[in-house]
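To keep things clear, I will list the structure first and then write my remarks on it.
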């Protein structure tokens, strides 16, 4: 069973140059949670509570990041730290820079970090 939380929009100070990090830029985050088993009951106790993202995302985004790859990795690590491996077998986090400093019209840059037990 896989839970996907998609379309999380946020602002992040992210980029290689100080000028790029000087102003927050729009990003989009997607989190995949692969459960060890399908929930056996219709209760929150039977699954991974993805509401932890409401705390994890702003906490990680308080810091500046040079690499989008590192930001995705930090988010994945924090999700695992919050939820633990009791009900999970894999966590994947994608972070997309919606307006990277590229001259390619419409370009986006996405990094994906995966953790598994």
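The values are calculated or read from the model by the stated rules, or taken from the named source; none is laboratory data. Predicted model, so just to flag it, every value in this text is computed and none were measured. Glycine also receives a Cβ, built like all others from the backbone with ideal geometry; neighbour counts cover every protein chain displayed.
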Discussion item. Quick test for you: out of 52, 16, pick the one residue that is out of contact with any strand residue (DSSP E or B) (no Cβ under 6 Å at 6 or more places or on another chain) and part of a helix (DSSP H, G or I).
Written reply: 52
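Yes/no matrix, rows are residues, columns are (1) closer than 17 Å to residue 55 by Cβ; (2) part of a helix (DSSP H, G or I); (3) at pLDDT 95 or above; (4) out of contact with any helix residue (DSSP H, G or I) (no Cβ under 9 Å at 6 or more places or on another chain):
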| position | (1), (2), (3), (4) |
| --- | --- |
| 78 | yes, yes, yes, no |
| 86 | no, no, no, yes |
| 90 | no, no, yes, yes |
| 94 | no, no, yes, no |
| 104 | no, no, no, yes |
| 113 | no, no, yes, no |
Fill in: Neighbours by Cβ (under 7 Å, 6+ apart or cross-chain): first from the stretch 42-65, surrounded by 10 or more Cβ atoms within 10 Å (Cβ to Cβ); second in a loop (DSSP other than H, G, I, E, B)
46/39; 46/40; 47/39; 47/87; 48/87; 64/13
Fill in: Yes/no for residue 71 being free of Cβ contacts under 8 Å to residues at least 60 places away in the same chain and either assigned to a loop (DSSP other than H, G, I, E, B) or crowded, with 16+ Cβ neighbours inside 10 Å (or both)
yes
Practice prompt. Filter the stretch 14-41 down to residues that are surrounded by fewer than 17 Cβ atoms within 10 Å (Cβ to Cβ) and in contact with a helix residue (DSSP H, G or I) (Cβ under 7 Å, 6 or more places away or on another chain), then give me how many there are.
Written response: 2
